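Worksheet: one structure, shown below.
All of the numbers you see were taken from the coordinates with simple rules; none came from a lab. What you see is a predicted model; the values in this text were computed from it and never measured. Every residue, glycine as well, gets a Cβ built from its backbone with ideal geometry; the counts of neighbours run over all protein chains shown.
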Amino acid sequence: MYELKVEGMTCGGCVRSVTKSVQSVDGNARVDVDLPSGRVRIDSAAQLDAVKNAIEDAGYTVTSATPA
């Protein structure tokens, strides 16, 4: 499980985009986005760097990423 702080998310479309980007790395990942706080909790077997890179490739900025 990871918890990330992601900047640039403003709407439901952003939530879908972040979720799809994580699931492109791990199709079984569970993604919970708290839009007001910018926090994204991810339950995934993928490496943290791979998840972070996928979100950044989708156009968002990951300001912190930690195992939760």
Those residues of the stretch 45-58 which are out of contact with any helix residue (DSSP H, G or I) (no Cβ under 6 Å at 6 or more places or on another chain), touching a residue at least 40 places away in the same chain (Cβ under 8 Å) and within 13 Å of residue 19 (Cα to Cα) amount to 52
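Which residues, counting only those in the stretch 12-42, are assigned to a strand (DSSP E or B) and either in contact with a Phe, Trp or Tyr (Cβ under 9 Å, 6 or more places away or on another chain) or of a type in the set (Ser, Thr, Tyr) (or both)? Show your work before the answer.
Of all residues in the stretch 12-42, those assigned to a strand (DSSP E or B) come to 30-34, 39-42.
Hits for the stretch 12-42 are 40, 41, 42.
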Which residues, taken from the stretch 32-44, are touching an Asp or Glu at 6+ places or on another chain (Cβ under 6 Å) and either free of Cβ contacts under 8 Å to residues at least 24 places away in the same chain or basic (Lys, Arg) (or both)?
41
